[in-house]
Amino acid sequence: MTALLLNGKELAAKKREQLKKDVEHLTTKNVVPGLAVILVGEDPASQTYVKAKQKACEQAGIHSVLIKKSDTITEEELLAEIELLNQDKSIDGILVQLPIPKHISEQAVIEKIAPEKDVDGFHPINIGKMMTGEDTFLPCTPYGVVEMLKEAEIDLVGKHVVVVGRSNIVGKPVGQLLLNEHATVTYCHSRTKNLREMTNLADILIVAIGRPNFINAEDVKPGAVVVDVGINRVDGKLCGDVDFDSVKEKASYLTPVPGGVGPMTITMLLENTVQSARKRL
Ligand SMILES: NC(=O)c1ccc[n+]([C@@H]2O[C@H](COP(=O)([O-])OP(=O)(O)OC[C@H]3O[C@@H](n4cnc5c(N)ncnc54)[C@H](OP(=O)(O)O)[C@@H]3O)[C@@H](O)[C@H]2O)c1
């Protein structure tokens, strides 16, 4: 069996075309969606991510504001900056690029963002709403994963989903969203015993651990759907957490890296920003 590709790049392009039209429509009603990104410090990976987000906003017609702060900023100063954006009527979404320097509490920052502008979907209120299945901003990477599975018309009801990784931004919420879609969800992590036995039970295997090519064909049930969230750089080349070449011979569907989940993440951020702007109408 050779797996069909779950092509995130194509789906992201399609969604961004639609978003552009939605933004044009909002703009005719004098609502220009606005996203503010706060970048603290000079971390090169964060700079790259922020640039990509700004470019995507520009292409979609979303007004984007980048606020750069030195890594000597105090927590109080950063919280005050967020408060200004909370009050700013031209801003629909606020995002603080993580990680932030260790002397600032990440949780305090996340909780300072007004829940109705929390387009990353990390605020405890929005996480709570996601858990109870209420309409809210969904965290972008997990949201993108679910959109990819739906686009490929992969039946989720009653399927056994195994999520490897339990971070707050990927593992935990992706499992929750798939539970909301009526899948049966098992979480695995670094303390899981017999990981291979667990992953072999998966109809749908989601891997988000940050270990290059960690999951190989022996970890996968024949015909499983495999979603690789990992982004790792090895010898200057990007690869996922799944060994693509071996797993593609065993899975029914597989996401490539790059070109899989990655492009969907920013797209869902744009989607959340536009959703927030619509509420201004
Ligand atoms: N495509 C995208 O847009 C996107 C977005 C976000 C992240 N990512 C990528 O996704 C990957 C995961 O990101 P993250 O932020 O979720 O990472 P993270 O916060 O470092 O969490 C990693 C998770 O993997 C688990 N883990 C680590 N080694 C393991 C092992 N050997 N066996 C089983 N579980 C193991 C950890 O378990 P413990 O909890 O027990 O420590 C933890 O739950 C990274 O490569 C990241 O770059 C991609």
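Computed from the coordinates by the stated procedures, all read-outs in this text should not be read as laboratory data. In this text the structure is predicted, and so the values were computed from the model without any measurement. FYI the Cβ positions are ideal-geometry reconstructions off the backbone, even for glycines, and counts take in every protein chain you see.
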If I build a Gaussian network model for the chain, linking alpha-carbon pairs within less than 10 angstrom, which residue out of Q87, Q47, Q18 has the largest mean-square fluctuation? Q87
On the principal axes of its Cα set, how long, how wide and how thick is the chain? Give whole Å, largest value first. 52, 43, 39
Sorted largest first, the Cα spans of the range 169-281 on the principal axes come out in Å as 52, 37, 28
What ranking, highest mean first, results for peptides 131-138, 190-197 when packing means the other Cβ atoms within 10 Å averaged over each residue? 131-138, 190-197
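What's the whole-number percent of alpha carbon pairs in the range 127-215 lying beyond 23 angstrom? Please list the in-between numbers first.
Values: 733 of 3916 pairs.
Here the long-distance tail beyond 23 Å is 19 percent of all Cα pairs in the range 127-215.
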Please sort 19-27, 65-73 by packing, taking for each peptide the average over its residues of neighbouring beta carbons within 10 angstrom, highest first. 19-27, 65-73
Give me the distance between the Cα centres of the range 172-197 and the range 210-281, rounded to whole Å. 16 Å
Relative packing of peptides 264-273, 157-166 - highest average C-beta neighbours within 10 Å first: 264-273, 157-166
With only alpha-carbon atoms in the gyration tensor, what are the semi-axes of the equivalent ellipsoid for the range 30-114, in Å, largest first? 22, 16, 9
Thinking of the range 175-226 as a set of Cα atoms, what percent of all their pairs are more than 17 Å apart? 35 percent
In the chain, what percentage of the DSSP-assigned beta bridges are antiparallel, given to the nearest 5? 10 percent
Picking from V242, V234, V261, which is most flexible by a Gaussian network model of the chain using Cα springs under 10 Å? V234
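Using Cα-Cα distances under 8 Å and only pairs 6 or more residues apart, what relative contact order does the chain have, in percent?
On the way: 563 pairs, mean separation 65.5, N = 281.
Relative contact order comes out at 23 percent.
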What percent antiparallel are the DSSP beta bridges of the range 110-262, to the nearest 5? 15 percent
Looking at the chain as a GNM with Cα springs under 10 Å, which of G223, G93, G262 has the largest mean-square fluctuation? G223
